[in-house]
Amino acid sequence: MEFREGSSEERVVASDGVRAMMESALTARDRVGVSDFVLLENFTSEASFIENLRKRFKENLIYTYIGSVLVSVNPYKDLEIYTKNHMERYRGVNFYEVSPHM
C-alpha cells in the first residue's frame, strides 16, 4: 500500500506506532515500577510504596528516588552495577537524565 505524505492513512500508521510505544512503556512500568516515588499514582500510600520497591527489587533495580532522596534496598548479591563502564554513564549528566544510582 502506498501512502501520500499527510494522508489519513499515514496518520493512522503513525498513531498506531505511538500507541504501541505508549502501551509498551506502561507495561514496563507495571512490571518494574517507577524510578521516583513521587510519580506513583497514589504516592501517599504505604502499600503503593512497598509494592513499587518490591517490583524494582525483583528486576534488580535497587535504587529509587523520592524526589532528590535516594532509597536503596540491599540485594545481598553482586549486581555488577559498579563497573567502570556503568559508572561512566553517570559522569557529567543531570540528576534525572539517568536511572537512580549512587
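On the stretch given as region 7-43, residues that are of a type in the set (Asp, Glu) and modelled with pLDDT under 70 total 3. Put simply, of GLU97, GLU80 the only residue that is part of a loop (DSSP other than H, G, I, E, B) and over 18 Å from the mean Cα position of the chain (by Cα) is GLU80. Candidates in region 58-98 are the residues that are within 16 Å of ASP36 (Cβ to Cβ), of a type outside the set (A, V, I, L, M) and at pLDDT 85 or above; of these, the one that is surrounded by the most Cβ atoms within 10 Å (Cβ to Cβ) is THR64. Look at region 70-94: where a residue is without any contact (Cβ under 8 Å) to a residue 12 or more places away in the chain, no partner that is in a helix (DSSP H, G or I) and among the basic types (Lys, Arg) sits 6+ places away or on another chain with Cβ atoms under 8 Å. Among the residues making up region 54-77, those that are assigned to a helix (DSSP H, G or I) and either outside the structural domain of SER99 (by TED's automatic domain parsing) or over 15 Å from SER99 (Cβ atoms) (or both) are ARG54, LYS58. Please work out which residue is nearest to ARG31 (Cα to Cα), limiting yourself to region 45-102 and to residues that are charged (D, E, K, R) and touching a Gly at 6+ places or on another chain (Cβ under 7 Å). The selected residue is LYS55.
The values are calculated or read from the model by the stated rules, or taken from the named source; none is laboratory data. Keep in mind that this is a model prediction, so the values were computed, not measured. Cβ coordinates were reconstructed from backbone atoms using ideal geometry, including for glycine residues, and neighbour counts include every protein chain displayed.
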